[in-house]
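Enquirer: Pasting in a structure now, in structure tokens, and then I'll have a few things to ask.
The values are calculated or read from the model by the stated rules, or taken from the named source; none is laboratory data. Because the structure is predicted, anything quoted here is derived from the model rather than measured. Using ideal geometry, Cβ is built from the backbone for each residue, glycine included, and neighbour counts are taken over all protein chains shown.
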Amino acid sequence: MSFCACDDFMAGGWTGAGWPAAVVFDLDGTLVDSAPDIARALNGVLAGIGVSGFSRDQVAAMVGGGAAKLIERALGRREARLGASDVDDLVARFLDDYARNATAETRLYDGAEELLRYLTRRSVWVGLCTNKPVEIARRILADLGVLGYFDAVIGGEMGFAKKPDPEPLVATLGQLADEPGQAVFVGDSAADVGAARALGLPVVLMSYGYSAVPQRDLGGDRVCDRLMDVPAVLESLTPRA
């Protein structure tokens, strides 16, 4: 299911005036379904060291915290013990393979582009805050035709700590709203909740996202089943104290 035309969407409802000034999105499991490509790259490097792979859903549940954390979780679930240098090499090979094929099967979730266009037309600043290496994130957005909607893109390999540390979200907001407290974070994981809460921001979670724990148990302000529900949720939120 996709959006109706943006000019008709939420007609008579949220106007976008004043609140929120900015909406910051996570990427994987929020705007894009990237698990198939992540799983392919992960299973490829694991096969190279004789470790069995994982299904798409199993990989989706392990995503979050960056590539090194993904490799760590995968090795832990297979009880595979590697030295630190071998793990670093595995992460590097994973990132190299993934970067070359990051949009082979990755797709926008239904309504993603329409939502981004909707916010842009209402003069809402739009940002991306992801733990994925920023160049890969930008390439995915560009390949899927939505990079132009973003006023700020912050990701891994930029010198910031990874979510749930709020540092990358602070950097994102610094490129967006004059009043960072006038922003909402839209994500799908405990890391997203942690980063938003550290700054006192409302956080909306997508129920279909990548999390080992159901999104309704993560402590977000709202949980949406579809991106087309986000504007109505924005209308219902207010800045946190």
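Enquirer: Any chance the stretch 174-183 includes a residue that's of a type in the set (A, V, I, L, M), surrounded by fewer than 20 Cβ atoms within 10 Å (Cβ to Cβ) and not in a loop (DSSP other than H, G, I, E, B)?
Expert: Scanning the stretch 174-183 turns up no residue that is of a type in the set (A, V, I, L, M), surrounded by fewer than 20 Cβ atoms within 10 Å (Cβ to Cβ) and not in a loop (DSSP other than H, G, I, E, B).
Enquirer: Looking at SER207, SER211, SER189, which is the one that is within 16 Å of the chain's Cα centre (by Cα), hydroxyl-bearing (Ser, Thr, Tyr) and modelled with pLDDT under 95?
Expert: SER211
Enquirer: I need the full set of residues from the stretch 190-222 which are outside any helix (DSSP H, G or I), in contact with a strand residue (DSSP E or B) (Cβ under 9 Å, 6 or more places away or on another chain) and among the β-branched types (Val, Ile, Thr), in order please.
Expert: Residues satisfying the conditions are VAL203, VAL204.
Enquirer: Another question, if that's okay. Residues GLY65, GLY83: which one is out of contact with any strand residue (DSSP E or B) (no Cβ under 9 Å at 6 or more places or on another chain) and not aromatic (Phe, Trp, Tyr)? Let's see the steps before the verdict.
Expert: On the way: GLY65 fails: out of contact with any strand residue (DSSP E or B) (no Cβ under 9 Å at 6 or more places or on another chain).
Checking each option against the conditions leaves just GLY83.
Enquirer: Shifting gears a bit: For the stretch 34-51: of the residues being β-branched (Val, Ile, Thr) and in contact (Cβ under 8 Å) with a residue 40 or more places away in the chain, which is farthest from ARG78 (Cα to Cα)?
Expert: Only one residue fits best here, namely ILE38.
Enquirer: Determine which single condition ASP221 fails, assuming it passes every other condition in (1) surrounded by fewer than 18 Cβ atoms within 10 Å (Cβ to Cβ); (2) under 21 Å from LEU115 (Cβ atoms); (3) without any contact (Cβ under 8 Å) to a residue 24 or more places away in the chain.
Expert: Of everything listed in (1) surrounded by fewer than 18 Cβ atoms within 10 Å (Cβ to Cβ); (2) under 21 Å from LEU115 (Cβ atoms); (3) without any contact (Cβ under 8 Å) to a residue 24 or more places away in the chain, ASP221 misses just condition (1).
Enquirer: Counting just the residues of the stretch 81-97 that are free of Cβ contacts under 8 Å to residues at least 24 places away in the same chain and in a loop (DSSP other than H, G, I, E, B), which one comes out farthest from TYR210 (Cα to Cα)?
Expert: GLY83
Yes or no, residue by residue, for (1) outside the structural domain of LEU70 (by TED's automatic domain parsing); (2) on the phi > 0 side of the Ramachandran plot; (3) hydrophobic (A, V, I, L, M, F, W, C):
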| residue | (1), (2), (3) |
| --- | --- |
| GLU113 | yes, no, no |
| ARG117 | yes, no, no |
| TRP125 | yes, no, yes |
| ASN131 | yes, no, no |
| ALA142 | yes, no, yes |
| ASP151 | yes, no, no |
| GLY159 | yes, yes, no |
| LYS163 | yes, no, no |
| LEU169 | yes, no, yes |
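Enquirer: Here is a follow-up. Can you tell me which residues in the stretch 101-129 are under 14 Å from PRO231 (Cα atoms), touching a strand residue (DSSP E or B) at 6+ places or on another chain (Cβ under 8 Å) and in a loop (DSSP other than H, G, I, E, B)?
Expert: Once the filter is applied, which keeps residues that are under 14 Å from PRO231 (Cα atoms), touching a strand residue (DSSP E or B) at 6+ places or on another chain (Cβ under 8 Å) and in a loop (DSSP other than H, G, I, E, B), the stretch 101-129 yields only VAL124.
Enquirer: Here is a follow-up. Can you pull out the residues in the stretch 41-61 that are part of a helix (DSSP H, G or I) and over 19 Å from the mean Cα position of the chain (by Cα)?
Expert: Of everything in the stretch 41-61, those that are part of a helix (DSSP H, G or I) and over 19 Å from the mean Cα position of the chain (by Cα) turn out to be ASN43, GLY44, VAL45, LEU46, ALA47, GLY48.
Enquirer: Looking only at the stretch 62-80, decide whether some residue is in contact (Cβ under 8 Å) with a residue 40 or more places away in the chain, assigned to a helix (DSSP H, G or I), crowded, with 18+ Cβ neighbours inside 10 Å and on the phi < 0 side of the Ramachandran plot.
Expert: Yes, because at least one residue in the stretch 62-80 is in contact (Cβ under 8 Å) with a residue 40 or more places away in the chain, assigned to a helix (DSSP H, G or I), crowded, with 18+ Cβ neighbours inside 10 Å and on the phi < 0 side of the Ramachandran plot.
Enquirer: Quick one: in the stretch 190-215, of everything that is out of contact with any helix residue (DSSP H, G or I) (no Cβ under 8 Å at 6 or more places or on another chain) and under 19 Å from ASP28 (Cβ atoms), which residue is surrounded by the fewest Cβ atoms within 10 Å (Cβ to Cβ)?
Expert: PRO214
Enquirer: Quickly run through the stretch 130-139 and pick out the residues that are in a strand (DSSP E or B), in contact with a Leu (Cβ under 7 Å, 6 or more places away or on another chain) and surrounded by 24 or more Cβ atoms within 10 Å (Cβ to Cβ).
Expert: THR130, LYS132
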